[in-house]
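What follows draws every value from the coordinates through simple rules; no lab data is involved. This structure is a prediction, so every number in the text was calculated from the model and none was measured. Positions of Cβ are generated from backbone atoms using ideal geometry, with glycine treated the same way; all protein chains shown enter the neighbour counts.
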Amino acid sequence: MKRTTALASLMVLIPLVAVLVLGVWQINVDEGKARMRASAILADRLMVLEQLSTQAQAQWQQKLLEITQKARANPDQIHQQAEAEPWVRALVGLDPKGRIEIPNGRPASVKEQEFFVRSANLLSASWVPTVPESGRYDPRGGWQEFYWHDGVQLLYWLPRDPLASKGFIVLEVERNALLADLVARLSRAWLSSEEQTQHYIALYDDQNKVFLSWGRATFAEDSRPIVVNSNLSAALRGWSFEWKAGLEAINDQFDPRLWLGLGIGLIVAVFVWVFMLLRNSISKQLQEAGQRVSFVNQVSHELKTPLTNIRLYAELLESRFAKEPAGTLVKEREYSAIILREGRKLSRLIHNVLTFGRRQKADKPNLREGIIDDAVRLSAESFAASFYEKGLDLSFKLACPGGCIFDADWLDQMLGNLLSNAEKYARDGHSVELASVYKDGTATVTVSDRGPGLPPHALSKAFLPFERFHTRHTDGVGGAGLGLAIVRDLARAHGGDAGYLANPGGGARFWFSLRADEVSKEA
Amino acid sequence: MNTMTNRNRLGMSIFVLVFLFGSLALASAQAVKLDIGLDQAQVLAGPAQKVYLKVGLVGQELTSVQRPIINVAIVLDRSGSMEGDKLRRAKQAASYAVSLLSPRDIVSVIVYDDQAEVLVPATRASNISSIQSQIEGIRTGGATALFAGVSLGAGEVRKFISRNQVNRVVLLSDGIANVGPDSPNALGDLGASLRKEGISVTTIGLGTGYNEDLMVKLAAKSDGNHSFVEQPSDLVRIFDAEFKDAMAIAATDINIIIECAPGVRPIRLMNRDGDIRDREVRLQLNQVLSSQEKYVLIELEIPAGSNGQNLVVANARAEYLNVSNQKRESSSQVGRVSFSADRQKISSSVNKPVKEQVVLQLATEANERALQLRDEGKTDEARKILESNVVELQQAAAELNSPALQDYARSNEGAAASLDNEDWDSQRKTMREQQNRNRSQQSY
């Protein structure tokens with residue numbers, strides 16, 4: 001029982017520790033992977049914002065291009081146009097050398113003069129857009145920044161022809177109006193309400209100041225949020241997006257801690273379940289076995305007295321036959337021999353059962369002086385007839401000293417069980433060898449046969465009670481599965497042990513040892 | 001006459017003919033009546049001199065016709081500093097304002113702190129209680145992303161924008177913009193751009209923590225109103241005035257073109273933003289209210305004239321959208337002056353209403369200079385300007401019998417006295433508010 005509990009605990013603990021160790025290792029590996037994956041997710045989401053910004057710029061450019069083309073078509077209306085277009089502050093023509101053109105010779109208006117003052121650094125230096133490498137200007141025009149007072153000002157220019165041989169049209173753009181348009185375009189719930197506290201998205205302007213933001217997450221110094229960036233271009237040169245979020249906050253991502261927790265939970269649950277199942281089944285088995293033993297025990301007790309009587313009368317009969325002349329009563333003699341032999345076998349079985357039933361009570365051997373090899377021979381003798389019948393040749397190789405202290409009954413029982421097994425299972429081997437050795441106060445008795453031996457899977461269980469193995473050699477052979485268990489129990493109770501070795505030449509070699517002090521020679 | 005070249009004379013004749021014809025053709029009932037006049041009908045004969053020309057626009061009284069649709073975005077500051085009474089009153093005022101709307105009107109609500117958010121997207125004001133309950137749910141947050149708030153407000157107004165409507169963003173703020181563009185110029189530029197789209201931004205500064213330069217500039221450049229509300233409890237009154245102002249609009253999308261006669265040189269626009277090219281002055285207004293005058297004063301140089309000579313100084317034309325019949329109309333009128341050698345006659349020819357406005361605008365300019373000097377730490381110089389302002393205003397008030405000038409004299413007196421006071425913040429806001437009101441003839 002104790003052993004089972006310990007085993008079950010180990011079954012739970014070992015995988016648990018393994019999972020923990022693996023888990024911690026996996027966290028490290030997975031965190032790296034998860035961070036990469038999270039970055040990719042954020043980058044994808046950020047790309048939508050970036051694309052919207054790019055789209056916005058393309059539409060600004062398109063709109064400004066239309067305004068510029070209208071101005072080309074009606075040069076006289078150029079002034080009124082600046083007055084009416086929300087995105088335009090001023091509109092002027094530049095000749096190819098960058099000189100400001102005055103349409104129809106009308107003087108510049110006050111607003112235009114203000115524009116010239118603002119852009120003086122650029123325009124009075126005869127600025128023209130840089131000629132591209134191809135020598136041809138982009139037909140969609142381009143952007144140019146300049147600085148005035150407290151901020152960046154923006155120009156949009158369009159070449160009148162691809163080589164700008166007729167000069168340019170230049171718009172001073174109401175940059176803040178474009179930015180307001182950008183706000184309206186980007187303003188959308190990019191974050192779900194749960195994400196609000198876990199994410200922070202910012203659009204930084206060219207001064208690296210927050211222009212717009214989403215989400216309210218803040219990140220401690222030592223935290224390592226996932227951060228992705230993207231830079232804008234054209235009219236928003238120097239601007240950038242940044243998206244920050246804690247690893248655990250990113251949707252769809254693998255949280256190693258969560259998975260480890262779940263895994264451990266699952267494994268623990270499975271082991272607890274298996275343990276309970278096992279415990280129930282073991283205790284049930286033990287209970288059943290206990291009942292079986294106690295039943296057999298009682299029956300055996302009941303059988304013991306009649307059997308003793310049967311054997312007594314069979315022996316009496318035998319002694320009567322012995323007085324008759326030889327060659328007479330052949331059949332009768334044979335029958336009584338069988339009765340005696342089978343009676344002895346039955347006695348041994350009953351003895352085994354009773355011994356097993358008692359074994360929990362920590363029996364002690366009944367130690368008496370005797371000669372081990374004689375006891376071995378005596379036990380073997382009772383098998384001689386049946387061995388002979390089955391064609392088994394029994395040989396001896398006994399080397400124990402005379403005069404030891406041991407329990408002859410136990411030895412008889414142990415050896416009987418081993419010989420009985422040999423008789424049952426090794427009849428094909430034709431020979432059984434009985435050996436004894438003595439060393440340092442311990443006598444070891446070995447029964448070697450030439451039978452099939454124990455199958456490998458049976459080795460560990462051979463000495464457990466009620467274990468029987470099904471092979472072609474055992475099928476159809478009776479037994480309760482107690483023999484070897486009793487051998488080991490008795491041997492251990494006698495200060496020795498019992499075990500099995502494969503016979504080098506094939507077959508089984510069972511042995512048992514017992515503590516048997518030598519009687520002093522002087523005595 | 002001798003001083004005028006023949007070419008000028010010919011030009012003048014054509015000019016007068018064209019505009020007389022134009023005036024006759026448009027003499028029917030119009031939504032906007034033009035009122036053009038110089039500060040005096042007669043000027044001293046002699047060399048070229050400066051005069052002030054006023055072009056006034058008065059919206060005709062609205063009859064039984066339906067008022068224009070109002071398309072308004074209410075933009076509320078919910079930054080941390082609005083916590084408590086301010087936010088409670090602001091919500092109350094916004095809810096009240098929404099209740100003034102009719103189901104034809106369009107309303108949206110935007111809130112902003114670090115981030116701006118459309119709380120109620122532009123929608124017909126048919127389910128007022130649902131809008132009000134959303135306003136009720138506003139809670140305070142962090143910083144002040146004013147630019148984003150205005151941008152979103154404008155974005156919502158733009159969804160249903162039409163020149164036939166009153167398109168307006170009403171912005172309430174109690175703090176300094178600190179996220180996004182935050183300079184008065186940046187917001188002024190945005191305002192100017194929105195004005196071109198026909199959107200006005202009315203700015204309401206609450207308490208003494210906001211940036212009045214920014215708020216005034218945003219309102220002025222977008223032809224919106226501005227109010228300084230020191231006490232949160234006044235918010236309902238201001239929202240009421242603002243929404244009634246919006247409902248009283250007679251004409252929108254107004255283009256004013258003042259063509260000066262040959263020889264006449266426009267020097268500057270005094271109280272409004274506009275452009276001058278050669279002899280032409282142009283400016284745009286988003287709206288003219290019913291029974292209320294909006295005007296622009298222009299400083300002109302007229303050529304030399306001889307005794308008895310009459311001069312057509314300028315022709316003013318206003319093109320606008322009449323909101324009651326949703327048609328584009330225009331009005332025009334000619335301004336004249338005659339030259340005289342009789343000083344007596346000249347002084348009795350003073351156009352008192354125009355003169356009063358000129359004095360008020362000049363005093364406003366002086367008041368602005370004083371404020372700037374005070375900003376630069378030149379408190380004494382600022383005080384001197386304000387004090388002389390007081391004297392001139394009082395004098396003119398007496399001559400012209402003008403309570404308005406008398407009032408402004410008292411304001412300047414108060415300002416002069418509180419240049420060093422602890423409540424300068426509040427005083428400065430009052431000054432800015434008054435300057436803007438003087439310039440724009442705000443209805444409340």
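By Kyte-Doolittle mean hydropathy of at least -0.5 and Cα axial length of at least 30 Å, which whole DSSP H helices of chain A are selected? All intermediate terms of the calculation are to be shown ahead of the outcome.
On the way: long enough: A:2-73 (102 Å, 0.31); A:256-323 (92 Å, 0.35); A:330-358 (42 Å, -0.35).
Helix filter hits for chain A: A:2-73, A:256-323, A:330-358.
Of all beta bridges DSSP finds with both residues in the protein assembly as shown, what is the antiparallel percent, to the nearest 5? Walk me through the intermediate numbers first.
Details: 122 of 157 bridges.
Looking only at bridges with both residues in the protein assembly as shown, the antiparallel portion is about 80 percent.
So which lysines can A:Lys304 reach, going by Cα to Cα under 19 Å and dropping same-chain residues fewer than 8 places off?
Output for A:Lys304: A:Lys345.
State, to one decimal in nm, how far the label point of A:Phe146 lies from the label point of A:Arg185, with both points 7 Å from Cα in the Cβ direction.
If labels sit at A:Phe146 and A:Arg185, their model points lie 2.5 nm apart.
So what is the relative contact order for the stretch A:364-413, in percent, with contacts set as C-alpha pairs under 8 Å and at least six apart? Provide the component values of the computation, followed by the final result.
Details: 49 pairs, mean separation 33.1, N = 50.
In percent, rounded to a whole number, it is 66.
Once both axes come from the Cα atoms, what is the angle between helix B:403-417 and the longest principal axis of chain B, in degrees from 0 to 90, rounded to 10?
It works out to around 60 degrees.
Taking each residue of A:19-26 in turn, how many C-beta atoms of other protein chains fall within 10 Å of its C-beta, and what is the average?
Details: counts 0, 0, 0, 0, 0, 0, 0, 0.
For this peptide, the per-residue mean of nearby foreign Cβ atoms is 0.
Enumerate the lysines that B:Lys429 could reach by cross-link, defined here as Cα to Cα under 17 Å, with residues fewer than 8 away along the same chain left out.
Reachable lysines: B:Lys217.
What net charge is computed for the residues neighbouring A:Glu66, neighbours being all others with C-beta under 12 Å from the C-beta of A:Glu66, Lys and Arg scored +1, Asp and Glu -1? Provide the component values of the computation, followed by the final result.
Numbers: positive: A:Lys63, A:Lys70, A:Arg72, A:Arg140; negative: A:Glu85.
Every neighbour counted, the sum reads +3.
In debye to the nearest 20, how big a dipole does chain A give about its Cα centre with +1 on each Lys and Arg Cβ and -1 on each Asp and Glu Cβ?
On the way: 61 positive and 60 negative charges, 224 e Å.
With Lys and Arg at +1 and Asp and Glu at -1, about 1080 debye.
For the stretch A:216-250 and the stretch A:37-95, compute the distance between their C-alpha centroids and round to whole Å.
With the stretch A:216-250 and the stretch A:37-95 each reduced to a Cα centre, they are spaced 26 Å.
Using amide H atoms built in the peptide plane, which far-off residues or other-chain residues are under 5 Å from B:Ile69 H to H?
The list, which skips near neighbours in sequence, is B:Val166.
From the Cα gyration tensor of chain B, with a ≥ b ≥ c the square roots of its eigenvalues, which class applies: rounded if a/c is under 1.5, or else prolate if a/b is larger than b/c, or else oblate?
Values: a/c = 2.41, a/b = 1.49, b/c = 1.61.
Oblate, since a/c reaches 1.5 and b/c is not below a/b.
Shape of the stretch A:332-389 from its Cα gyration tensor (a ≥ b ≥ c, root eigenvalues): rounded if a/c is under 1.5, otherwise prolate when a/b > b/c, or oblate? Please list the in-between numbers first.
Numbers: a/c = 3.24, a/b = 1.51, b/c = 2.14.
Note, shape of the stretch A:332-389 comes out oblate.
If one takes the longest principal axis of the Cα atoms in chain B, at what angle in degrees, from 0 to 90 and to the nearest 10, does the Cα axis of helix B:146-159 lie?
80 degrees
Explain nothing, just the number: relative contact order of chain A, from Cα pairs under 8 Å at least 6 residues apart, as a whole percent. Don't skip to the end; give the middle numbers.
Numbers: 725 pairs, mean separation 52.8, N = 523.
Relative contact order, chain A: 10 percent.
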